[in-house]
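S.K.: My questions will all concern the structure given below.
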Amino acid sequence: MTLARARLARLDALAVTAAIWFFGKFLRYAFPPLFETLGASYGVSRTVLGTAFTGFMLMYALLQFPSGLLADRVGPVAVVAAGGLVTTVGALALVVDAPFGVLVGAMVLMGAGTGVYKTASVELLSRVYHTRTGRALGVFDTTGSLAGAAAPAAVVVAAGLPPVAGAPWRTLFLVGGLAGLALVGALLVRVPRRLADDRTIAAQGAASDGGAQTSAGSVRAYLGLFGRLRFAAFVAVTVLFGFAYNGVVAFLPLYLVTEAGLPSASANLLFGALFAVSLVQLGTGEASDRVGRLPVLVATLGVATAGLAATLALSSGGGVLELGAAVVALGLGAHGFRPVRGAYLMQILPDGVAGGGLGAVRTLLMGAGAVGPAVVGYLSETVGFRAAFGLLAVALAGATGLTALLWTLE
């Protein structure tokens, strides 16, 4: 019994870290279902909304490398806690009735806060659960992805709540901000005991970096990783995936309404289904620990590509059930890919520069992802939504082919 309790207690680091990731992803994914409401309320176009969301994602992307470098030096707990506080400030800023510029500023601030979560958390979890990294990241990513299923439902529920500053959707961000404060407190109380002393970790990281102590030396070490062919090729895979996935997520509800003719409620339900199937990450993370990372990566990317292609084909005449099956396939593949991507990167990165190396990759990944919504928003208004989503399908197909090539060369 004592041993069982000790094992259960050891899961607190995973539980708290995953909950904070859920918090950050929930706030991000609350925006796409609100685009129609926000557009009408502020009198702005889809291009403007897509560009604002791109600002969120660009700030998110820019914080990936700095957060990884800081996690290598001062420890991941402090980095995640600081990000949680910044995100909370951004969420609470939306409680005030203010001009559209304040909304954009709050989105950018939340992008900065959530931008430090993933890189530092992956490093934290890989240290605490080093023999079961795939499994831990599967739970972590699943929890975050479920936020995408919860956010559309929460938007619907919030519409029936007493409004804050004249708008029910502001209540959502008030509750989210208060929850963020509680989670940061839990992180600071529970998680540090699961890690070695941060100063020891920093010293070990510097030693494994060959004794590099200056920030310039560290940057050169991280940049040197891109000279490795396998690493550079997989970075290209992550960039293609990030561009496609974020472009789809930002506009899928509006695409289903505009191109497939679905009611808004049905489109939001299918958008939620995209994330509801994220439980697949528990299986793909576990499978990658057992059979290897690359076979699982090829399989998941292939399913995601097929799902997006089917969504495109069915949007001209498919029913809700057929479109739902296509969206579910897209979700199964895309979510199944995510924890294995992290585990594979941690596998091929040297220990001393793992946090910063992962941060550098995620900067490129999320930079490409940040461009996605703006590109889709622009193309949807110039050449059509289908052409925009067709480009995203091509990007996913390219990621699948390149990963398959890496597998054959392994």
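S.K.: Given (1) among the charged types (D, E, K, R); (2) at pLDDT 85 or above; (3) farther than 24 Å from residue 184 by Cα, where does residue 25 come up short, assuming only one miss?
M.R.: (3)
S.K.: Continuing with this model, one more query. Please return the ranges of helices (runs of 4 or more DSSP H) entirely within region 82-171 where 1 or more residues are closer than 21 Å to residue 277 by Cα.
M.R.: Details: elements: 100-114, 117-128, 133-158.
Correct list: 117-128, 133-158.
S.K.: Identify all residues within region 62-76 that are crowded, with 24+ Cβ neighbours inside 10 Å and in a helix (DSSP H, G or I); write none if there are none.
M.R.: Quick first cut of region 62-76, residues crowded, with 24+ Cβ neighbours inside 10 Å only: 63-64, 67-68, 71-72, 75-76.
Result: 64, 67, 68, 71, 72, 76.
S.K.: For region 131-172, which residues satisfy the criterion of being free of Cβ contacts under 8 Å to residues at least 40 places away in the same chain and surrounded by 21 or more Cβ atoms within 10 Å (Cβ to Cβ)?
M.R.: Pass one, region 131-172, residues free of Cβ contacts under 8 Å to residues at least 40 places away in the same chain: 131, 157-163, 168, 171.
Selection gives 158 alone.
Yes/no matrix, rows are residues, columns are (1) buried (at least 22 other Cβ atoms within 10 Å of the Cβ); (2) of a type in the set (Phe, Trp, Tyr); (3) at positive phi:
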{"residue": "233", "(1), (2), (3)": "no, no, no"}
{"residue": "239", "(1), (2), (3)": "no, no, no"}
{"residue": "244", "(1), (2), (3)": "yes, no, no"}
{"residue": "247", "(1), (2), (3)": "yes, no, no"}
{"residue": "250", "(1), (2), (3)": "yes, no, no"}
{"residue": "255", "(1), (2), (3)": "yes, yes, no"}
{"residue": "264", "(1), (2), (3)": "no, no, no"}
{"residue": "275", "(1), (2), (3)": "yes, yes, no"}
{"residue": "285", "(1), (2), (3)": "yes, no, no"}
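S.K.: Also, I was wondering about something else. Enumerate the pairs (first residue in region 376-397 and crowded, with 17+ Cβ neighbours inside 10 Å and part of a helix (DSSP H, G or I); second residue anywhere and of a type in the set (Ser, Thr, Tyr) and at pLDDT 95 or above) with beta-carbon separation below 9 Å, excluding pairs fewer than 6 apart on the same chain, so at least 6 apart or on different chains.
M.R.: From residues that are crowded, with 17+ Cβ neighbours inside 10 Å and part of a helix (DSSP H, G or I), the pairs are 393/305; 396/305; 397/305.
The values are calculated or read from the model by the stated rules, or taken from the named source; none is laboratory data. Not measured: the values here are computed from a predicted model. Every residue, glycine among them, receives a Cβ derived from its backbone with ideal geometry; neighbour counts consider all protein chains shown.
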